[in-house]
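To start, the structure itself, in structure tokens.
The values are calculated or read from the model by the stated rules, or taken from the named source; none is laboratory data. No experiment lies behind these values; they were computed from the predicted model shown. All Cβ positions, glycine included, derive from the backbone under ideal geometry; neighbour counts span all protein chains shown. Quick note on the areas: whole protein, heavy atoms, side chains included, nothing else; ligands and nucleic acids left out. Shrake-Rupley method; radii C 1.70, N 1.55, O 1.52, S 1.80 Å.
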Amino acid sequence: MEIQLNADIKKFTRELRGIQKKQIPFAVSKALNATAFDVQNTLKNALSIYLDRPTKYTISALRVKKSDKKKELIAYVGFAGGGGFKPPKGAGTVPSEYMSRLISGGTRRQKKRAIAVPTSAFKTNQYGNIARGKIKTLLGNPRKYFSGTPKGRGADAAGIWERMPPNKKRKAGSSSRRRNPNAKQQSIRMVIAWEPSTHYRGGRFPMFKIAEKTVRRQFGDRFRSALKYALRSAR
């Protein structure tokens, strides 16, 4: 997921002549690059406004590809893994993939295993996610947790279930059964659901609107400043 920044500079260069016009590509490139970093910073700040506790991994995944006055007067801003931006080293989930679903919507499908989705009974980390290694920790305690589908339930009940202490007050979504008439009641509750896919509604992060607004606000001043510098340094 990336944004392409270019500019129509006719209105800024109508009065220029001679050597001044020769400096335009340099000034445009310099202004585009400065504006691209403006967009990057604005998007980083906006992530915390539109998303629930975005991770540092996501925030730091915003990249800038600068323009080159000799090759291409276009700058790019996007998330690592998308367009011409390399994915982070050792990345399990590429930022451009999951952010594209938050920006434009879409469906996430797991190729091999089901997708782990926490229920309201599960305590997520500070970013609202399942902490790395948490599932392994839960399943390492089989006396309290088990993975599967309880008997008598449909396929949509697949997940990780917690065995609750006998006679403990049940919460919504819990179920119970007796081994024999004299046995104490034991409840179970789902803490993590195994889902074949998850659906995302687009527009949660209005990346393009934010970028467009920033470009309109910043580019004019950035170009005028870059042109003044170019003319001062012209030979």
* Evaluation of Phe208 against (1) in a loop (DSSP other than H, G, I, E, B); (2) at pLDDT 75 or above; (3) of a type outside the set (A, V, I, L, M); (4) open to solvent by 60 Å² or more (accessible area, probe 1.4 Å) (one fails), failing number -> (1)
* Asked: From the list Arg163, Arg179, which one is basic (Lys, Arg) and at pLDDT 70 or above?
  -> Arg163
* Restrict the check to segment 30-37 and report whether at least one residue is under 27 Å from Arg204 (Cα atoms), surrounded by fewer than 18 Cβ atoms within 10 Å (Cβ to Cβ) and of a type in the set (Phe, Trp, Tyr). => yes
* Would you check if there is a residue in segment 22-29 being open to solvent by 50 Å² or more (accessible area, probe 1.4 Å) and at pLDDT below 85? => yes
* **Among residues of segment 55-104, those that are in contact with a strand residue (DSSP E or B) (Cβ under 8 Å, 6 or more places away or on another chain), of a type in the set (Lys, Arg) and either touching a residue at least 40 places away in the same chain (Cβ under 8 Å) or not in a loop (DSSP other than H, G, I, E, B) (or both), counted** => 3
* Within segment 44-68, track down each residue that is more than 11 Å from the chain's Cα centre (by Cα) and either β-branched (Val, Ile, Thr) or crowded, with 17+ Cβ neighbours inside 10 Å (or both). => Ala46, Ile49, Arg63, Val64, Lys65, Ser67
* Structure fact -> Checked against (1) modelled with pLDDT of 90 or more; (2) within 25 Å of Ile115 (Cα to Cα); (3) among the charged types (D, E, K, R), Lys213 satisfies every condition except (2)
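The rows are residues; the columns are (1) out of contact with any helix residue (DSSP H, G or I) (no Cβ under 7 Å at 6 or more places or on another chain); (2) modelled with pLDDT of 75 or more; (3) on the phi < 0 side of the Ramachandran plot; (4) among the aromatic types (Phe, Trp, Tyr).
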residue	(1), (2), (3), (4)
Lys70	yes, yes, yes, no
Val77	no, yes, yes, no
Gly82	no, yes, yes, no
Gly92	yes, no, yes, no
Arg101	yes, yes, yes, no
Gln110	yes, no, yes, no
* To do: Please specify each residue of segment 211-230 satisfying the condition of being open to solvent by 60 Å² or more (accessible area, probe 1.4 Å) and out of contact with any helix residue (DSSP H, G or I) (no Cβ under 6 Å at 6 or more places or on another chain).
  => Glu212, Lys213, Arg216, Arg217, Asp221, Arg224, Ser225, Lys228, Tyr229
